[in-house]
1. Filter the range 1-20 down to the residues that are in contact with a Ser or Thr (Cβ under 8 Å, 6 or more places away or on another chain) and open to solvent by 40 Å² or more (accessible area, probe 1.4 Å) and list them by number.
2. Quick one: count up the residues across the range 22-52 that are part of a helix (DSSP H, G or I) and either polar (S, T, N, Q) or open to solvent by 50 Å² or more (accessible area, probe 1.4 Å) (or both).
3. Are there any pairs with C-beta distances below 6 angstrom linking a residue in the range 32-61 that is more than 15 Å from K18 (Cα to Cα) and at pLDDT below 95 to a residue that is in a loop (DSSP other than H, G, I, E, B) and open to solvent by less than 50 Å² (accessible area, probe 1.4 Å), with the two at least 6 apart or on different chains, and if so which?
Amino acid sequence: MSFYNSNKWKHKRKRILKRDLFLCQECKRYGNDVTANIVHHIFPLEDYPELRLNSSNLISVCGDCH
């Protein structure tokens, strides 16, 4: 869990949310604009730690979609 408290993660999380305009990318696929507050690892962190800060592996989602 210390990864999620790191400055690198906090900075990356902020950049991903800004990149996605703070909108849930899953809801957006269906034409809905829902605020995102979570950055999700597409390929799980536990299985792919090398992708933990890779922007292409991160997506902004709402709590319901997470």
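1. So in the range 1-20, the residues in contact with a Ser or Thr (Cβ under 8 Å, 6 or more places away or on another chain) come out as 12, 15-17, 19-20.
Matches in the range 1-20: R15, R19.
2. Looking only at the range 22-52, we keep the residues that are part of a helix (DSSP H, G or I), and these are 25-29, 49-51.
Okay, now just the ones that are also either polar (S, T, N, Q) or open to solvent by 50 Å² or more (accessible area, probe 1.4 Å) (or both), so 25-26, 28-29, 49-50.
Count: 6.
3. none
The values are calculated or read from the model by the stated rules, or taken from the named source; none is laboratory data. The model shown is predicted, which means the values in this text are computed figures rather than measured ones. Ideal geometry is used to build each Cβ from the backbone, glycine not excepted, and the neighbour counts take in all protein chains shown. Note: accessible area is taken over every heavy atom of the protein model, side chains too, but ligands, DNA and RNA are not part of it. Shrake-Rupley method; radii C 1.70, N 1.55, O 1.52, S 1.80 Å.
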